1. Among strands (runs of 3 or more DSSP E) lying entirely in the range 1-95, which contain 1 or more residues that are without any contact (Cβ under 8 Å) to a residue 60 or more places away in the chain and at negative phi?
2. All but one of (1) modelled with pLDDT of 85 or more; (2) in contact with an Asp or Glu (Cβ under 6 Å, 6 or more places away or on another chain) hold for Arg126; which doesn't?
3. Can you confirm whether the range 58-70 contains a residue that is surrounded by 12 or more Cβ atoms within 10 Å (Cβ to Cβ) and touching a helix residue (DSSP H, G or I) at 6+ places or on another chain (Cβ under 7 Å)?
4. From the list Leu88, Leu10, Leu79, Leu3, which residue is touching a helix residue (DSSP H, G or I) at 6+ places or on another chain (Cβ under 9 Å) and more than 18 Å from His109 (Cα to Cα)?
5. Considering only residues that are more than 22 Å from Arg112 (Cβ to Cβ) and surrounded by 13 or more Cβ atoms within 10 Å (Cβ to Cβ), which ones fall in the range 28-38?
6. Here are the criteria: (1) within 35 Å of the chain's Cα centre (by Cα); (2) within 14 Å of Val29 (Cα to Cα). Tell me which single one His80 does not satisfy.
7. Determine, yes or no, whether Gly51 is under 13 Å from Thr85 (Cβ atoms) and either of a type in the set (D, E, K, R) or modelled with pLDDT under 95 (or both).
Amino acid sequence: MELTVAEKKLCIKEYAGQRVVTFADIDTVHQRAVGTASRNFRENRKRFIEGVDYFVLIGDALRDYKQSTNFVGRRINELHLITETGYLMLVKSFTDDLAWSVQRELVNHYFRNREEKVEKPKPKRREVVDIPDNPEFQAAFAEIKKLLAAVDVSVQCVNRYVPEQKAMEYARLSTDIAFKLASLVSDLTRIRYKTIPEPY
C-alpha cells in the first residue's frame with residue numbers, strides 16, 4: 001500500500017505493531033539530499049531510544065522482514081526503522097514551510113491513520129426459561145404425547161366401517177381423551193419455571 005505525502009509516494013511500512021519510516025522515506029518526502037536523515041540520526045544517536053524511537057534490523061530479523069515486505073534491497077545488511085517519536089525528533093531541525101506541512105501530513109495521515117482493531121462486544125446472553133430441563137414440564141409433555149397417541153388411535157377406530165354402537169363408544173372415548181388433554185395442557189400454566197442465562 002502507498003500513501004502520497006507532499007506529492008511523493010510513500011510505501012506504508014509497519015514493524016512491531018506500529019507504522020515506521022526509513023531514512024530514505026524521510027529524505028524523499030522532505031525533499032532533502034540523500035543521507036540527510038541518517039546524518040541527523042548519527043549526530044544525535046544518544047538521544048534516541050532503541051525500541052521506542054527506532055528499530056535496527058540485522059541478521060535473521062532483517063531476513064524475515066525482507067521476506068514479508070518488498071521494499072528492502074537484497075544488498076542491505078542493516079535497516080533502521082523510525083517510529084513516530086523518532087521521526088519527530090529527527091526532523092526537529094527541518095523548519096522550512098515544506099517541513100511543517102510534511103510533518104503534519106505524516107503524523108495525521110501516516111502514523112496515526114491506522115484502522116484500530118475494535119473488539120466486538122460479546123453478545124449479551126438472554127434470560128430464558130428452563131423448560132427443556134424442568135422435570136415437571138417434561139413429565140407433563142410425556143403425558144400429553146401419550147394422550148395425543150391415544151386420540152390418534154381412537155380417531156382411526158371411529159373412521160372405519162363398524163357397527164353404530166361401536167362407533168359411538170369410540171367417539172365417547174375420543175371425547176374423554178380430548179377433555180383430559182385439554183385439562184393437562186391447561187395445567188401447564190400452573191407449573192413453576194426458573195429463568196436462566198441462555199445456554200450455548
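The values are calculated or read from the model by the stated rules, or taken from the named source; none is laboratory data. These numbers come from a predicted model, not from an experiment. Cβ: placed from backbone, ideal geometry, glycine included. Neighbour counts: every protein chain shown.
1. Details: elements: 2-5, 8-11, 13-15, 18-20, 54-57, 79-82.
Qualifying strands (runs of 3 or more DSSP E): 2-5, 8-11, 13-15, 54-57, 79-82.
2. Only one criterion is unmet by Arg126, namely (1).
3. No.
4. On the way: Leu88 fails: more than 18 Å from His109 (Cα to Cα); Leu10 fails: more than 18 Å from His109 (Cα to Cα); Leu3 fails: more than 18 Å from His109 (Cα to Cα).
Step by step, each of Leu88, Leu10, Leu79, Leu3 is checked, and only Leu79 is touching a helix residue (DSSP H, G or I) at 6+ places or on another chain (Cβ under 9 Å) and more than 18 Å from His109 (Cα to Cα).
5. Matches in the range 28-38: Gln31, Arg32, Thr36, Ser38.
6. If we test His80 against (1) within 35 Å of the chain's Cα centre (by Cα); (2) within 14 Å of Val29 (Cα to Cα), just (2) comes out false.
7. Details: under 13 Å from Thr85 (Cβ atoms): yes; either of a type in the set (D, E, K, R) or modelled with pLDDT under 95 (or both): yes.
When the stated conditions are applied, Gly51 passes them.
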